[in-house]
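Have a look at this one before I ask anything.
The values are calculated or read from the model by the stated rules, or taken from the named source; none is laboratory data. Note that the structure is predicted; figures quoted are calculated from it, not measured. Quick reminder, even Gly has a Cβ in these numbers, built from the backbone with ideal geometry, and neighbours come from all protein chains shown. The protein model used for the area step is the full one, side chains on, heavy atoms only, and it has no ligands, DNA or RNA in it. Shrake-Rupley method; radii C 1.70, N 1.55, O 1.52, S 1.80 Å.
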Amino acid sequence: QVQLVESGGGLVQAGGSLRLSCAASGRIFSSYTMAWFRRAPGKEREFVARVNREGRISYKDDSVKGRFTISRDNAKNTIDLQMNSLKPEDTAVYYCAAAYGTYAYRAYEYVYWGQGTQVSVSS
């Protein structure tokens, strides 16, 4: 069993930055693939970025790559998402999630979820 708690969301102007953190409780955190998803108003939950147990990182696409950076600290049982150059279209609830699969990127592949943290970007 893994419990995930996100923090760091808030309201920021376009072009600003936020750093999201996810703290995990439970054992063998290092064995999971960890990811960030988001759900914008009126849209489905979408994959943002993941880092697997080997430390390999993948991003949604060029819309976030270069602006967002995912990282994990297995000693502290945390993952972070540094978000720079934020845009209004980044507005969403951001979720931290854990999966068993090394290359998981679909929401149904993730078995543990946090409660989410709101990110709002004003124009």
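Across the Cα atoms of segment 1-42, what radius of gyration and what greatest pairwise Cα-Cα distance (Dmax) are found, in Å?
Calculated on Cα positions, Rg and Dmax stand at 13.4, 38 Å.
Say we join alpha carbon atoms closer than 10 Å with springs in a Gaussian network model of the chain; which of 30, 85, 63 then has the biggest fluctuation?
In this elastic network of the chain, the residue with the biggest mean-square fluctuation among 30, 85, 63 is 63.
In nm, what is the difference between 0.36 nm times the number of residues separating residue 62 and residue 76 and their Cα-Cα distance?
Numbers: separation 14, 0.36 × 14 = 5.04 nm, distance 2.93 nm.
2.1 nm is the gain from fully extending residue 62 to residue 76.
Per the 1.4 Å probe, what fraction of the accessible area of the chain, in percent, lies on carbon and sulfur atoms? Intermediate values should be presented prior to the final figure.
Values: 3050 of 6370 Å².
The nonpolar share, carbon plus sulfur, comes to 48 percent.
Then there's this: Taking amide H positions as placed in the peptide plane 1.01 Å from N, state which residues far from residue 111 in sequence (5 or more) or on other chains have amide H under 5 Å from it.
It is 98, 99, 100, by chain and number.
Please sort by residue number the GluC sites (Glu not before Pro) in segment 38-120 whose DSSP state is loop and whose Cβ has at most 14 other Cβ atoms within 10 Å.
Numbers: sites: 44, 46, 54, 89, 109; in loops: 44, 54.
Filter output for segment 38-120: 44, 54.
Please report the net charge: other residues with Cβ closer than 15 Å to the Cβ of residue 116, K and R +1, D and E -1. Provide the component values of the computation, followed by the final result.
Values: positive: 38, 39, 43, 45; negative: 6, 44, 46, 90.
Taking every Cβ under 15 Å from that of residue 116, the sum is 0.
Averaging over every viewing direction, what projected area does the convex hull of the Cα atoms of segment 53-123 cover, in nm²? Don't jump to the answer; show the numbers that get you there.
Details: hull surface 21.5 nm².
Projected over every direction and averaged, the Cα hull of segment 53-123 covers 5.4 nm².
Something else now. Please give the solvent-accessible surface of residue 5 in Å², to the nearest 10, using a probe radius of 1.4 Å with every protein chain present.
Taking all protein chains as shown, residue 5 has close to 80 Å².
Take the chain, mark every one of the trypsin sites (Lys or Arg not before Pro) that falls in a DSSP loop and has at most 15 other Cβ within 10 Å, then report the longest stretch left between them, sites excluded.
Working: sites that count: 27, 43, 56, 76, 106.
Result for the longest clean stretch: 77-105.
Of the residues 20, 81, 11, which exhibits the maximal mean-square fluctuation in a Gaussian network model of the chain defined by a 10 Å Cα contact cut-off?
Highest fluctuation among the options: 11.
Hey, another quick one. So what is the accessible area of the chain per residue, in Å², with the probe set to 1.4 Å? It would help to have the intermediate numbers written out before the result.
Numbers: 6370 Å² over 123 residues.
Here the residues of the chain average 52 Å² of exposed surface.
So, one more: Could you tell me what percent of the DSSP beta bridges with both partners in segment 21-101 are antiparallel, to the nearest 5? Walk me through the numbers on the way to the answer.
Numbers: 24 of 25 bridges.
The antiparallel proportion sits near 95 percent.
Let me ask something else about it. Could you calculate the contour length gain from residue 108 to residue 7, that is, 0.36 nm times the residue separation minus the distance between their Cα atoms, to one decimal place in nm? Intermediate results must be reported in sequence, preceding the final value.
Values: separation 101, 0.36 × 101 = 36.36 nm, distance 2.28 nm.
Full extension from residue 108 to residue 7 adds 34.1 nm.
Still on this structure, please answer the following. Taking Cα centroids, how far is segment 22-41 from segment 45-104 in Å?
Spelled out, the Cα-based centre of one part sits 9 Å from the other.
I need the P(r) histogram for the chain: all alpha carbon pairs, bin width 10 Å from 0 out to the longest distance, whole percents.
All Cα pairs, binned at 10 Å, distribute as 15, 51, 29, 5, 0 percent.
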